[in-house]
1. Would you check which residues across region 26-46 are closer than 13 Å to Ala72 by Cα, over 11 Å from the mean Cα position of the chain (by Cα) and buried (at least 22 other Cβ atoms within 10 Å of the Cβ) and list them?
2. Looking only at residues that are aliphatic (A, V, I, L, M) and outside any helix (DSSP H, G or I) in region 86-110, which one is nearest to Ser41 (Cα to Cα)?
3. What are the residues in region 111-160 that are β-branched (Val, Ile, Thr), part of a helix (DSSP H, G or I) and within 20 Å of Ala94 (Cα to Cα), if any?
4. Suppose we keep only residues that are in a loop (DSSP other than H, G, I, E, B) and free of Cβ contacts under 8 Å to residues at least 40 places away in the same chain within region 161-174. Which one would you say is farthest from Cys36 (Cα to Cα)?
5. Considering region 130-151 alone, what residues qualify as being surrounded by fewer than 16 Cβ atoms within 10 Å (Cβ to Cβ), farther than 20 Å from Val37 by Cβ and touching a residue at least 24 places away in the same chain (Cβ under 8 Å)?
6. Go through region 1-24 and give me each residue that's of a type outside the set (Ser, Thr, Tyr) and either under 30 Å from Ser100 (Cβ atoms) or free of Cβ contacts under 8 Å to residues at least 40 places away in the same chain (or both).
7. Scan region 48-85 for residues that are in a helix (DSSP H, G or I), crowded, with 17+ Cβ neighbours inside 10 Å and not small (Gly, Ala, Ser) and report the count.
Amino acid sequence: MPAPLDPPLGPQDHVTGPRDAPFELVMYGDFQCPYCVASISILRRVRERLDGRLRFAFRHFPLPAHPDAANAAQAAEAAAAQGAFWPMYDALYAARGRLSLDDLAGHAAAIGLDGERVRREVLEGVHAERVARDEDSARAAGVTGTPAFFVNGGLHEDSFDAGSLVAALGGTGA
């Protein structure tokens, strides 16, 4: 039996899609992970195929092998504090690994945020605890790498191409 998502999605999570959607997909990701970057186009197809029937959520799992990943996760949370998590999520993955502190401030400014505030909050570790909470929940569920997906509350251990994810979600024929 796959490991359950713990804690389940709640108000602290970054979620898009209808609250009462029949399908739920949660990604644990790392903004500097090349496999996560590659998964973004797959996730876009899954979300399009299940439009209106999918809740999609993102949780942080920056890997130690990626030196800028933890700061990128905190920058995403700094953007969330300015009301723009999803635009920053898109910008960080579109950056394809360009995630130095200057890059993070620049990505924030490019989407209309206060880039210097993002830089300051990253440097001060304002959002480190929030990122650590996601990391702890990933480890507790047995996640060891990224991207990791939870499908309808359980760890998805098979391939993560669009067709496989849609089938696992129960949306075959979407």
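1. Going residue by residue through region 26-46, those that are closer than 13 Å to Ala72 by Cα are 29-33.
This time we only want the ones that are over 11 Å from the mean Cα position of the chain (by Cα), so: 32-33.
Passing the criteria: only Gln32.
2. Only one residue fits best here, namely Ala95.
3. Initial filter on region 111-160 (β-branched (Val, Ile, Thr)): 111, 118, 122, 126, 131, 143-144, 146, 151.
So of that shortlist, the ones also part of a helix (DSSP H, G or I) come out as 118, 122, 131.
Result: Val118, Val122.
4. Initial filter on region 161-174 (in a loop (DSSP other than H, G, I, E, B)): 161, 170-174.
Applying the additional criterion that residues be free of Cβ contacts under 8 Å to residues at least 40 places away in the same chain yields 172-173.
Working: Thr172: 23, Gly173: 26 Å.
Residue satisfying both the conditions and the ranking: Gly173.
5. Filtering region 130-151 for residues surrounded by fewer than 16 Cβ atoms within 10 Å (Cβ to Cβ) gives 132-133, 136, 139-140, 142, 144-145.
From what's left, farther than 20 Å from Val37 by Cβ: 132-133, 136, 139-140, 142.
Listed by number, the residues that qualify are Arg133, Ala140, Gly142.
6. Taking region 1-24 first, the residues of a type outside the set (Ser, Thr, Tyr) are 1-15, 17-24.
Matches in region 1-24: Gly10, Pro11, Gln12, Asp13, His14, Val15, Gly17, Pro18, Arg19, Asp20, Ala21.
7. Number of matching residues: 5.
Quick note: the coordinates plus some simple rules give every number you see, no bench work behind them. Computed from a predicted model, the values in this text were never measured in an experiment. Cβ coordinates were reconstructed from backbone atoms using ideal geometry, including for glycine residues, and neighbour counts include every protein chain displayed.
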